[in-house]
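So the structure is just underneath, and the comments pick up after that.
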Amino acid sequence: MTIVWTNILFSMIAFGILYILLNKYAFSKLFGVMEKRRELVMQQMDEAAKTREQAVAYVEEQKQALQQARQEAQQIIQQSQVTSSNQADRLMEQAKAEADRLKNEAVRDIANEKNKAVEALRSELGTASVRIASKLLEKEVKADGEQEQLVDQYLKEVGGRS
Amino acid sequence: MHEMPLIYVGGIPIDLSAVLMLVVSCVIVFVLAMLAVRNLSVENPGKLQNFMEWVVEFVQGIISSAMDLKKGRPYISLGLTLILFIFVSNLLGLPFSVITEAEGPVTIFGHVIEATKHLVHGEHAEILWWKSPTADINITAGLAIIVFLLMNFLGIKNNGKHYFKHFVEPFPIFLPLNIIENLAKPVALAIRLFANIFAGEVLITVILKLGFVGIPFLGVWQGFSIFVGALQAYIFTILTMVYIAQYTIHEEEAH
């Protein structure tokens, strides 16, 4: 172990040259690339975060859409139930009205027929009785209007009572 | 003991072994770095690039443990150069060493190697050519002086009057102590690195003298020496960063 001052100097010079060369040709490039890689990684991480957010938003959207669809389906079902029951009611009503109408008509027809029959019977009876009476009273009773009026009145009373 | 191949060129002493090993270390580190940055890629880094980036991150970790990484960013290159250079230097002496035996005066490039100059007949000198450059105190001293100059220069430049104030704190009477502390730092750096690596190489030489019995010990010790070499490179770098941080960063709460 001897101190040789030139060795000290040489080592300093060698180290200095090495430092300058490395700094100029190797490290600056390396640092640049490392910085770029760092940026790339950051960018990719950002992108991943963004994508995740988007996915979450999309899922949320889908959920809402599903919910909405479900609600709509529920609504449609309810609506159709209401409609069908309404229709049934209406049909029922219609049928009832029809039946009523038919019944009333029948009743009216029956009444008409009865009236007609009664009228026909009455006039038949009237003429028949007049004929009988005229046969009976042919001689003494002239077929004047006074007597026929009396008969009619009598017959009306009879018909009204029947 | 092994002698260094020292020659005088016009009165200036030149240790050929140190020059050789410095050049070899620098070339290896430079080639390694250039290979690592040859095919730089952002998306798909190669193995060597990955390794280099790992080293960079390691050095960043070292610096951020000593100071704020924002302030320490300019020192990343310094830390990288230090750690790579010292680590490669530490390992160079491990696989083999080159020693020549000289029986008489040996001349190289027309100059006589000092250790062989006064050899008389029957004597011989063993000249060590290939070794770890960091097993030479002169070279570790050179590195330590760089650190010393750098930390004081950066302290004055970045910290101004606080740098000088540090010397008279907590009391003016501490001035000599603080100066000694300042001077002791590079000395400790140089001697720690030198002693570790030198001792490693000495022990390898000793184990080699055991012959075949020493082979397992040699394997174990060489493995351990790799660990020591990495550890010393790490220590040198982290201490450099700690010293720079100590002198350049003025902490308000300390006053």
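Odds and ends about this structure:
- Average other protein chain Cβ within 10 Å of Cβ, residues B:138-151: 4
- At an R0 of 45 angstrom, the distance between the Cβ atoms of B:Ile179 and A:Val41 translates into a FRET efficiency of 0.40.
- Take the Cβ atoms of B:Trp129 and A:Lys24, set R0 to 35 Å, and the FRET efficiency comes out at 0.70.
- Lys/Arg +1, Asp/Glu -1 at C-beta; region A:45-161 dipole; positive extreme among A:Gln68, A:Ala99, A:Gln153: A:Gln153
- Cα Rg, Dmax, region A:45-161, angstrom units: 42.1, 138
- Using R0 = 51 Å, the C-beta based FRET efficiency linking A:Leu136 and A:Asp89 works out to 0.15.
- Dipole size of region A:45-161 about its Cα centre, with +1 on Lys/Arg Cβ and -1 on Asp/Glu Cβ: approximately 460 debye, rounded to the nearest 20.
- Number of partner chain Cβ atoms within 10 Å, mean per residue of B:38-47: 3
- Taking a ≥ b ≥ c as the square roots of the eigenvalues of the Cα gyration tensor, region B:45-189 is classed as oblate, since a/c reaches at least 1.5 and a/b does not exceed b/c.
- Restriction of the GluC sites (Glu not before Pro) in region B:25-99 to DSSP coil positions whose beta-carbon has at most 11 other beta-carbons within 10 angstrom yields B:Glu43.
- Modelled label positions at B:Val202 and B:Val112, each set 7 Å beyond Cα in the direction of Cβ, lie 3.0 nm from each other.
- Cβ crowding within 10 Å averaged over residues, with B:190-196, B:201-207 ranked highest first: B:190-196, B:201-207
- Overall, the protein assembly as shown carries a charge dipole of about 320 debye about its Cα centre when +1 sits on the Cβ of Lys and Arg and -1 on the Cβ of Asp and Glu, all other atoms neutral.
- Taken as entire DSSP H runs, the helices of chain B that both span 27 Å or more between Cα atoms along their own long axis and average 1.0 or more on the Kyte-Doolittle scale are B:16-36, B:137-159, B:175-208, B:215-248.
- Summed side-chain charge close to B:Gln49 - residues other than B:Gln49 whose Cβ falls under 11 Å, Lys, Arg +1, Asp, Glu -1: +3
- Of all complete DSSP H helices in chain A, those with a Cα span along the helix axis of 20 Å or greater and a mean Kyte-Doolittle hydropathy of 0.0 or more are A:5-21.
Values in this text are rule-based calculations from the coordinates and carry no lab data. Note that the structure is a prediction, hence the values are computed from the model and not measured. Ideal geometry is used to build each Cβ from the backbone, glycine not excepted, and the neighbour counts take in all protein chains shown.
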